[in-house]
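Below is one structure, written out as structure tokens; the observations come after it.
None of the figures in this text is laboratory data; all of them are computed from the coordinates on show. Because the structure is predicted, anything quoted here is derived from the model rather than measured. With ideal geometry, Cβ positions are generated from the backbone for all residues, glycine too; neighbour counts draw on all protein chains shown.
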Amino acid sequence: MTEDEIKEVFEEIDSDGDGQINTVELANYFKRKGYQGQLKDKVQAAMKVDKNRDRVINFEEFHDMLK
């Protein structure tokens, strides 16, 4: 993915525009994209990139996950 594509996806998930992705935003994104299966499992797996354990994914963490 290009830098612009990463930023675009991040902004799509970060629905309140606060520069962080929380578990609710992540679950809503998965629902909108039609991902099947246990949302809880998908969100927990994605939150493993939360390096500083503040329970949100900032852009740096998101970027590192996709690179």
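Scanning the range 1-23 for residues that are over 10 Å from the mean Cα position of the chain (by Cα) and not small (G, A, S) yields a count of 10.
Could you give me the residue pairs with C-beta distances under 6 Å whose first residue belongs to the range 1-27 and is over 15 Å from E60 (Cα atoms), whose second residue is assigned to a helix (DSSP H, G or I) and hydrophobic (A, V, I, L, M, F, W, C) wherever it lies, and which are 6+ apart or on separate chains? Qualifying pairs under 6 Å: T23/V43; E25/I13; L26/V43; L26/A46; A27/L39; A27/V43. Residues of the range 1-54 that are in contact with a Phe, Trp or Tyr (Cβ under 7 Å, 6 or more places away or on another chain) and at positive phi: G19 alone.
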